[in-house]
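Below you'll find the structure, written out as structure tokens, and then a few comments.
The values are calculated or read from the model by the stated rules, or taken from the named source; none is laboratory data. Nothing here was measured: the structure is a model prediction, and the numbers come from that model. Backbone-built Cβ (ideal geometry, glycine too); neighbour counts: all protein chains shown.
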Amino acid sequence: MILTSLENAKLALGIMDSARDAEVTLYLTQASALIYQYIGAQALPAWDETTAPDDVQAATLKMLGNLFEHRGDDANDEHEQKIWEGISLLLMRRRDPALA
């Protein structure tokens, strides 16, 4: 379940050739899974790269950029918090809030 196209992902990352398609696809798959989990029950199982709403695709690309740039080795808590705050703003109307 990939939530935006490889072409959109490469465009967002500034990649113009196909040499890194496998790497971008890996991070795109991971970003899609994180966004899908974040939305929760409001995420439709039928969403894919052609049917996911624009705000979901935007959040996926934001997460993709973070995963691609930082790869887990140089991110810090403040940076991660800012990424999730940005994603939260994009998806606040769509997310199924957790009960406390």
| request: Can you run down the residue pairs with Cβ atoms below 6 Å, 6 or more apart or on separate chains, where the first is in region 37-66 and more than 20 Å from Val24 (Cβ to Cβ) and the partner is aromatic (Phe, Trp, Tyr)? | output: Ala43/Tyr36
| field | Residue tally, condition under 15 Å from Met1 (Cβ atoms), modelled with pLDDT of 95 or more and in a helix (DSSP H, G or I), over region 38-61 | value | 4
| query | Would you say Thr4 is modelled with pLDDT of 95 or more and not in a helix (DSSP H, G or I)? | reply | yes
| request: Could you check Met16 against (1) assigned to a loop (DSSP other than H, G, I, E, B); (2) touching a residue at least 24 places away in the same chain (Cβ under 8 Å); (3) not β-branched (Val, Ile, Thr) and say which number it fails? | output: (2)
| request: Take region 43-81 and flag every residue that is surrounded by fewer than 13 Cβ atoms within 10 Å (Cβ to Cβ) and of a type in the set (Lys, Arg). | output: Arg71
